[in-house]
Every structure is written in C-alpha cells, then in structure tokens.
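**Q** Dumping the structure here so I can ask a few things about it.
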Amino acid sequence: MPKILVFSNQSDDFINIVNPLKEIGYIVEYLSDESKIFETISAFVPDIMLLCSYTAIKDIAFALRKIRLQDEGGDIQIILLVNKDAEIDEVFSGADGYVTRPINPNILVATVNAHLRLKNHLDIFSANNSELAKRFYQLKVLYDTNSNLAGTLNKRRLINIMNEGLEQSISYSLCSTLVMDNPDDISLIINSHYPITKRLEQALKLRAMIAYKSMFKNESLPFEINIEKVRTEVNFKQENGKYDLEVMSYGSVFSPISTSDKFFGTVEIMRDTELSNEDITCFQTVVSQVALPLESAILYEEIQDKNVKLEKLEKLKSEFVSIVSHELRTPLTAIKNSIDIMLSGKSGELTDGMKNFLSMGDRNVVRLSGIINDLLDLSKIEAGKMQYRFEEINLVNPINFVISTLKSTAEAKNITFGAKINIDEARVYADMQKVEQILTNLTSNAIKFTGKDGSVSITLDKIQAKNLDISKFYEYNKEPLAENYFLVQVQDTGIGIAKENMTKVFDKFQQIESSLSRKVGGTGLGLPIAKEFINAHKGFVWAESEESKGSVFSFVLPEYSTKVKGFNTDEKNVNMLVGNDDFGEENE
Ligand code: ADP
C-alpha cells in the first residue's frame, strides 16, 4: 500500500487531506511537529509527502533540499499544499507538484495518484538502470580480460587473468581451479575472500575431483589423478574472517576449461548470494575465453622446448662436421701429394695404364677435397666463425680467373664459354678468395647443368640501386643500402629450374631431382655458401630460370666508393677480419 506523509500545522488539513486519502486505503501519517519531520521520514519511508507551505519551516527550498538529501535515491515525491497559484514558484525550489487550497479532495486524490504512478515508473527505471550498469561493467571486464589474455603466452598468468576476470565480474566468495598440465603436475588453485580451514581445503579438492570425473562418465579420463599428488595453493583477500564447510552450500557454477579437442582443467566459483542467469553466462564467457590462449601457450612451450633441443643438435652437428672434415683433410692432402709425386715421375717410370689410374685418383681426391672444403665452410658460416679478408679489388680479375680455370671443363663439353665485361673497372670492397669461390660455384653449376654444345657466359655491368628489381632478390625483405652496384650474371642454356624449385636452390643440401643432377653429382652446398658470402659483402643474389631453356644466376656487390651503412668502405687497403677463426689453418 502506498504510504503518504502529511506535514501541516493547520488543523482542518487533517480532515481535508488525511481522511480522503485514508478512505481509498492509503497508509497516511500526519505530522504537525516540525522538529520530528526528518526522523519521521527515516522511520516511515513515505512514497509521497504532502507539505504545507504555511509550516513554521521558514525556508521551504532549504527544507526540500534537506528532505531530498536524506532520501538518497530522491524517490519521495514531494507535493506542496499552496494557498494560491502565486505560491507555485516554490514548486521549482525542489517540490515535484502542488495542490491549491481550498483543498478539493478529488483533485488531491488525482494529484497523489498521478505522483504515485510517476514514482512507480521512476523506481522501475532506476532498478533497470542499476542492472544495466552492472551488465555494462561485466562487459567491460570481459573486454579487459580478453585483451589481457591476448597479451601473454604464460600458462599460469593466463589462469590468473581468468580468475581476476571472474572476481571482478561476478565477485565470487571462492573460486577453485583445477589446472592439469600433465598427470604428474596437477594443482588446485583456490582464490578465496577469506582464509579457509584445512577441512574446507580437503573438501574442495575432493569436490573438484568428483566434478572432473563426472564430466567423463563413460569415457576414459584425459588424466588419471592421484588425489594425494594434487598440489593446493590458497590465496585469500582479507584476514578478518574464515570460511569453513558452509561455503559448500553457497550458490555455485562449474565449467571445464577446454577447447573442442583439448582439456586443460576445471573451474568452479561459489558465492554467498544467488547467482543470476546473467552471472552464469558471464562466468561461462570468461572461462571459454581462456581455453584458446591456453592451447597456444602449451603449443608455444612445446615449440620452445623443441627449439632448444634443435639448437643443441645443430651445434653438435656443426662441431661434428667441422672435426670430421678437418680430420679428413689432412690424410687427403698427403694422398694428393703422393699421387702428384708419382705422376711427376720422380718416384720411377709409370706405364700409361698406371698414369691413367693415378690421374683418375687425382681427380677424385680433388673432388673430395672440394666437398670437404664446402662442408668446412658451411660449418664456419653456421658457427659465425667465417673469416673475411676485405680489401679493395677489381671484380674483373676474379671473373678472368674463373674463366681461365673452368675453360677446359667447358671445352670438354663443347660449351661456348666466355665473359662479357662491359666496363673497364669494377672497384668493390671484398675478399678476393671468397669472390672467386662465389663465381666458381655459380659458373661450375652453369657448365654442369648445360648439355653439350650449349653456352655459358659471365657478364659484368654497373647498375644504380634505384634500377634494381628488389622483388627478385632471394632475401626480398632487404633493401639496397648503397647508391651503385656491380652486377655479375652467370647465364647458361642448360636444363633450367622448375618454378616450384626456385626458392629451394639456395637452401643447404638441396638438389633438384633430375636425371642430370643424379649423373653429375654434387652436395647441394655451392649455392648456400655463395649466398652467405654475397650477404657478408652487403650484396644480393637471385636466380631466374625457365625449365629446359636455361638459367641466369645474378648477384650485385656495392661499388667501393659508395658509402654502405654498417660496412666501412673508407678504410683503404685494410685486412679486415670478420669472425673469429679457431678452425685452425685455412690452407694446409
Ligand atoms: P650442387 O651443385 O652441389 O648440387 P648447389 O647448391 O650448387 O649444389 O646447387 C643446388 C641445386 O640447384 C643443384 O643440385 C641443381 O639442381 C640446381 N642448380 C644450380 N645451378 C643450376 C643451373 N645453372 N641450372 C640448373 N639447375 C641448377
């Protein structure tokens, strides 16, 4: 029933106001003592207050403000009883409406009813508003939780973020999370408002186990759990209280933490007040948010473990290759020396047959040395121990050197072979021996993969950086740093390389399967070594090819006079050593 407080010091108001309101069943309190007005409001809690403007309260505006303040929500509707319309100014000092004297009971009842309806609507509105504010807050927590979860790949931190999100959005009394990493590492994390008794801890452990098992009724469990081995960790917020078994009867909600095919654990929250449907939805949303990042975190951990193992293996392999190739090189040098002495005739006359066999042996020793040297080079590169002796050189010289050393090999296949040098001089800051090796590797491949009567040529040009097509570079994410470059291209009319294999050729141990490559042999190390050497010279390499038409392997090195960032070309005639060679003597 609506409650009306009438405050008036005019005696006939009791009859004119109180009676008609009582007659329609409202609970009415009549007050004439001004000093009791505020305590009556507190005790009676009226819906409507009728306030006579003739009261001894001098400043009605002040009184109304005070009443409003006391009535924190501003819920009481205040109706002034005024003598004539002229007094209605006072309505604006804080009242919600007015009734003019002489009081007409019908108008009075109609006004009171209208304000009761208004109050009703206002009550509903403010209740909705606070519910809306609560949902808005939950949404904000969900959003924050989601972005926090995205920021880490640490499993424990992810569980903590989930618990914080649940705490903030649902303000649980206690949250118990069973975290299962593997059968030997299972823990129950209890986040509680107050410290908990030992028996509650035990009971929560048991409850989590039962809930876990009940989830997989007829299926086999992802983890068999020995309850004795489950570690518990209790965190609480406030010292001044204690939870015991009563928590078990609180409102609660439970959920597995899982994706469609992976299971990470379970979580349950308990609260001393009932959980609404919205709270439960919010709980499920927060919990489901954590499963995917947990999966990523676990994968990340596995990848990291594997990476560490791989790095160790890679190091062992590099060391092994380096030691074995070193050990092989020494006896090979001795064999080569002995063959050379025999072939020179110093150790006695040889028959043609003997010479033939010895020459074959000699060629194979040279080939074997080449392979061992490549392996040694690669292990040095991988260990970051390759040594470079940089100096100012003219690129024309190593090109001529390679032409003269490989001329006979090309001639043996009747391959047209030569260099087209379009400039007089090509000054670069380079290690001569490495440049010769780059050119030898590219050119011997060109000869190797070109059939009889084909052609192989080396061209040299100068090119401005802005005219380079960086999209062709093997390492296309790098930008040229110098202004001018020298471009060396080794072109052949050989078997070519299929499009799908183009990216593989610079990878170590990669050989493109073909009858010719099987026949001619090789290690798949020539191009990766050339690529590394070119990189060390701040150059770029790339390849273009068309199957059965031929290939062009190109590389550029920065012009000597051009300043190259991170590569000091100003120091003339310096033997710059890059790397720290502890692989022993280079030329045994
Ligand atoms: P290797 O020549 O010892 O096998 P490389 O690293 O020098 O190793 O070359 C890798 C592979 O790239 C070769 O096995 C071959 O399949 C392919 N290749 C390299 N150069 C050419 C070329 N000029 N023409 C056709 N294929 C080539």
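**Q** Residue-wise, which Karplus ³J(HN,Hα) couplings in Hz belong to segment 4-18, taking 6.51 cos²θ - 1.76 cosθ + 1.60, θ = phi - 60°, and x for glycine or proline?
**A** Result, rounded to whole Hz: 10, 10, 10, 10, 7, 10, 9, 4, 6, 4, 4, 6, 6, 10, 5.
**Q** Between Lys413 and Glu500, with labels modelled 7 Å along Cα→Cβ, what's the label distance in nm to one decimal, could you check?
**A** The answer from the label model is 2.5 nm.
**Q** Would you please give the FRET efficiency between Phe223 and Asp352, computed as 1/(1 + (r/R0)^6) with r the Cβ-Cβ distance and R0 = 60 Å, to the nearest 0.05? Provide the component values of the computation, followed by the final result.
**A** Working: r = 78 Å, r/R0 = 1.30.
After rounding, the FRET efficiency stands at 0.15.
**Q** In whole Hz, what ³J(HN,Hα) sequence does segment 300-312 give by Karplus (6.51, -1.76, 1.60; θ = phi - 60°), x for Gly and Pro?
**A** Listing the rounded values in order: 4, 4, 4, 5, 4, 4, 5, 4, 4, 5, 4, 4, 4 Hz.
**Q** Still on this model: With the crude spin-label approximation of a point 7 Å out along Cα→Cβ, what separation in nm comes out for Lys309 versus Ala133?
**A** Roughly 5.6 nm, to one decimal.
**Q** How would you classify segment 296-366 from its alpha-carbon gyration tensor, with a ≥ b ≥ c the square roots of the eigenvalues: rounded for a/c under 1.5, else prolate if a/b is greater than b/c, otherwise oblate?
**A** Values: a/c = 10.69, a/b = 4.40, b/c = 2.43.
Prolate shape, in that a/c is at least 1.5 and a/b is the bigger ratio.
**Q** Let me ask another. How far is helix 60-70 tilted, in degrees, relative to the longest principal axis of the Cα atoms in the chain, given as a value from 0 to 90 rounded to the nearest 10?
**A** Helix 60-70 sits at roughly 60 degrees to that axis.
**Q** Also: Report, by chain and number, residues whose modeled amide H sits under 5 Å from the one on Ala426, excluding near sequence neighbours (fewer than 5 apart, same chain).
**A** Residues meeting the criterion, in which the H sits 1.01 Å from N, are Leu395, Val396.
**Q** Rounded, prolate or oblate: pick one for segment 115-182, where a ≥ b ≥ c are the square roots of the eigenvalues of its C-alpha gyration tensor, a/c under 1.5 means rounded, and failing that, prolate if a/b is larger than b/c, else oblate.
**A** Values: a/c = 6.91, a/b = 2.88, b/c = 2.40.
In terms of gyration-tensor shape, prolate.
**Q** Treating the angle as unsigned and between 0 and 90°, give the value, to the nearest 10°, between the Cα long axis of helix 155-170 and the longest Cα principal axis of the chain.
**A** 20 degrees
**Q** Residue by residue, what Karplus-based ³J(HN,Hα) values in Hz, rounded to whole numbers, does segment 538-554 have, using 6.51, -1.76 and 1.60 with θ = phi - 60° and x for Gly and Pro?
**A** In residue order, the calculated couplings are 6, x, 9, 10, 7, 9, 10, 7, 9, 4, 6, 10, x, 9, 10, 9, 10 Hz.
**Q** Now a separate question. Starting from the amide H of Val234, placed 1.01 Å from N in the peptide plane, find each other amide H under 5 Å away whose residue is 5 or more places distant or on another chain.
**A** It is Ile190, by chain and number.
**Q** Another one. If you restrict to DSSP beta bridges whose two residues both lie in the chain, what percentage is antiparallel, to the nearest 5?
**A** On the way: 54 of 85 bridges.
Around 65 percent antiparallel, to the nearest 5.
**Q** Can you tell me which of 192-199, 262-269, 119-126, 136-143 comes out highest on packing, and rank the rest after it, using the mean Cβ neighbours within 10 Å?
**A** 262-269, 192-199, 136-143, 119-126
**Q** Rounded if a/c is under 1.5, else prolate if a/b beats b/c, else oblate: with a ≥ b ≥ c from the C-alpha gyration tensor eigenvalues square-rooted, which is segment 151-219? Write down the numbers at each step before the final one.
**A** Numbers: a/c = 1.71, a/b = 1.12, b/c = 1.52.
Oblate shape, in that a/c is at least 1.5 and b/c is the bigger or equal ratio.
**Q** Then there's this: In bins 20 Å wide, starting from 0, what share of all Cα pairs of the chain does each bin hold, as a percent?
**A** 14, 23, 19, 19, 12, 9, 2, 0
**Q** Run the simple label-point estimate for Ile27 and Asn337 please: 7 Å along Cα→C-beta, distance reported in nm.
**A** Between Ile27 and Asn337, the simple spin-label model gives 11.8 nm.
**Q** Turning to a different aspect of this structure: Quick one: check the C-alpha center-to-center distance for segment 446-460 versus segment 346-388, whole angstrom.
**A** Here the answer is 24 Å between Cα centres.
Read the figures in this text as sums done on the coordinates, not as results from a lab. All figures in this text were calculated on a predicted structure; none of them were measured in a lab. With ideal geometry, Cβ positions are generated from the backbone for all residues, glycine too; neighbour counts draw on all protein chains shown.
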